[in-house]
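Undergrad: Here you go, one structure.
The values are calculated or read from the model by the stated rules, or taken from the named source; none is laboratory data. Since the structure is predicted, the reported quantities are computational estimates derived from the model, not experimental observations. Note: ideal-geometry Cβ built from the backbone for every residue, glycine included; neighbour counts use all protein chains shown. Ligands, DNA and RNA are stripped out before the accessible areas are found, and what is left, the full protein with its side chains, is counted by its heavy atoms. Shrake-Rupley method; radii C 1.70, N 1.55, O 1.52, S 1.80 Å.
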Amino acid sequence: MTIGSTYLTNERQNGTLRALLYRSYSRTQVLVSKWLTILGLMIGLSGFSTLMSLGLKLSFFRRLPNYGTIWHTWSLNMLSTGLTLLFLMSVVLLLGTLFTSSTPAILTGIIGYFIVTIFNQLCFYLYAKVSWLKWNPLNMINLGEQIQTPQLQQLTRLNLSTLAIGYIAYLLLFLTLANYSFQTRNV
């Protein structure tokens with residue numbers, strides 16, 4: 001999260017972003033290249049951690065279980081983790097386009113994440129009282145927990161596929177807002 005939030009702000013502070021934009025690159029191309037770099041980093045780190053986990057499992061236990069539900073749950077958790085990281089990266093990129101300094105971007109991201117986590121638990125009560133609130137982005141963060149605990153659907157009021165689609169919709173919305181913010185801000 002820290003890498004993504006400082007990606008644009010450090011380039012703005014150091015003047016390298018201005019040099020990129022003076023060339024024949026559009027602002028959208030620059031922003032998409034930043035997002036693809038972060039995406040590649042995320043995929044590389046996730047792949048590395050997966051290979052390390054499997055390697056440690058094979059080293060210590062010598063065989064992999066052939067239980068279908070374990071592999072199914074593991075793959076759903078990997079999907080959930082990937083969607084969560086993409087969602088957070090879209091928020092971080094949006095913050096990076098809104099701030100001109102990296103320190104407020106980092107602090108807003110870290111403090112915001114902890115506040116959202118605490119506030120999310122309080123929202124379960126509101127979802128029962130006000131039905132349309134279940135569509136807010138805070139509820140989408142519950143995807144990973146709901147995979148582990150299917151009974152959480154009674155609190156989130158959304159099934160797994162709806163949460164995943166909501167994650168993707170908010171991811172695209174935040175990337176669009178980041179692009180708009182980047183297009184309209186001075187460098």
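Undergrad: For residue 157, what accessible surface area do you get with a 1.4 Å probe? Give it in Å², rounded to 10.
TA: About 110 Å², ignoring ligands and nucleic acids.
Undergrad: Now a separate question. As a test of understanding, state the convex hull volume per residue of segment 133-187 from its alpha carbons, in Å³. Before the final figure, lay out each step's value.
TA: Working: hull volume 4.1 nm³, N = 55.
Value for segment 133-187: 75 Å³ per residue.
Undergrad: Of 165, 147, which has the most accessible area and how do the rest follow, probe 1.4 Å? Show your work: numbers first, answer last.
TA: On the way: 165 115, 147 25 Å².
My answer, sorted largest first, is 165, 147.
Undergrad: Next question. At a threshold of 8 angstrom on Cα-Cα distance, excluding pairs fewer than six apart, so keeping six or more, what relative contact order does the chain reach in percent? Spell out each step's value before the answer.
TA: Working: 151 pairs, mean separation 63.5, N = 187.
Taking the mean separation of contacting Cα pairs over the length of the chain, I get 34 percent.
Undergrad: Please identify the helices of the chain, taking whole runs of DSSP H, that span at least 18 Å along their own axis as judged from the Cα atoms and have a mean Kyte-Doolittle score of -0.5 or higher. Spell out each step's value before the answer.
TA: Details: long enough: 27-61 (51 Å, 1.13); 68-98 (45 Å, 1.35); 102-129 (39 Å, 1.16); 160-184 (36 Å, 1.26).
Going by DSSP H runs, the hits are 27-61, 68-98, 102-129, 160-184.
Undergrad: Subtracting the Cα-Cα distance from 0.36 nm times the residue separation, let me have the gained length for residue 50 to residue 118 in nm, one decimal.
TA: Numbers: separation 68, 0.36 × 68 = 24.48 nm, distance 2.88 nm.
Computed gain between residue 50 and residue 118 is 21.6 nm.
Undergrad: A further question follows. With all pairs of different alpha carbon atoms counted, what Kirkwood hydrodynamic radius in Å does segment 87-156 show?
TA: Working: mean 1/r = 0.0745 Å⁻¹.
One over the average 1/r among Cα pairs gives 13.4 Å for segment 87-156.
Undergrad: Could you calculate the contour length gain from residue 23 to residue 172, that is, 0.36 nm times the residue separation minus the distance between their Cα atoms, to one decimal place in nm?
TA: Gain on stretching residue 23 to residue 172: 50.9 nm.
Undergrad: Of 110, 141, 115, which has the most accessible area with a 1.4 Å probe, and how do the rest follow in descending order? Kindly include the intermediate steps, with their values, before the conclusion.
TA: Details: 110 75, 141 45, 115 100 Å².
If we order 110, 141, 115 from most to least accessible, we get 115, 110, 141.
Undergrad: Now for a different question. Pick out, in residue order, every one of the chymotrypsin sites (Phe, Trp or Tyr not before Pro) in segment 18-55 that is DSSP loop and has at most 15 other C-beta atoms within 10 Å; say none if there are none.
TA: Working: sites: 22, 25, 35, 48; in loops: 25.
Within segment 18-55, the qualifying chymotrypsin sites (Phe, Trp or Tyr not before Pro) (loop, at most 15 other Cβ atoms within 10 Å) are 25.
Undergrad: Arrange the residues 86, 56 by how much accessible surface each exposes, largest first, with a 1.4 angstrom probe. Working shown, then result.
TA: Numbers: 86 35, 56 90 Å².
Accessible-area ranking of 86, 56, largest first: 56, 86.
Undergrad: Moving on. Using DSSP to call loops (not H, G, I, E or B), can you name the chymotrypsin sites (Phe, Trp or Tyr not before Pro) in segment 115-185 whose Cβ has at most 10 other Cβ atoms within 10 angstrom?
TA: Numbers: sites: 119, 124, 125, 127, 132, 135, 167, 170, 174, 180, 182; in loops: none.
Answer in residue order: no site qualifies.
Undergrad: Still on this structure, please answer the following. Go ahead and set up a Gaussian network model of the chain, Cα springs under 10 Å, then flag whichever of 169, 128, 19 fluctuates most.
TA: Among 169, 128, 19, the largest mean-square fluctuation in the Gaussian network model of the chain belongs to 19.
Undergrad: In 10 Å bins starting at zero, report the fraction of Cα pairs in the chain per bin as a rounded %.
TA: So the P(r) values, bin by bin, are 9, 30, 30, 21, 9, 1.
Undergrad: Which whole-number value in Å² is the accessible area per residue of the chain, probe 1.4 Å?
TA: On the way: 11250 Å² over 187 residues.
For the chain, the solvent-accessible area averages 60 Å² per residue.
Undergrad: Here's another thing I want to ask about it. Ignoring ligands, DNA and RNA, please state the percent of accessible area on the chain from carbon and sulfur, probe 1.4 Å.
TA: Details: 7710 of 11250 Å².
That share works out to 69 percent.
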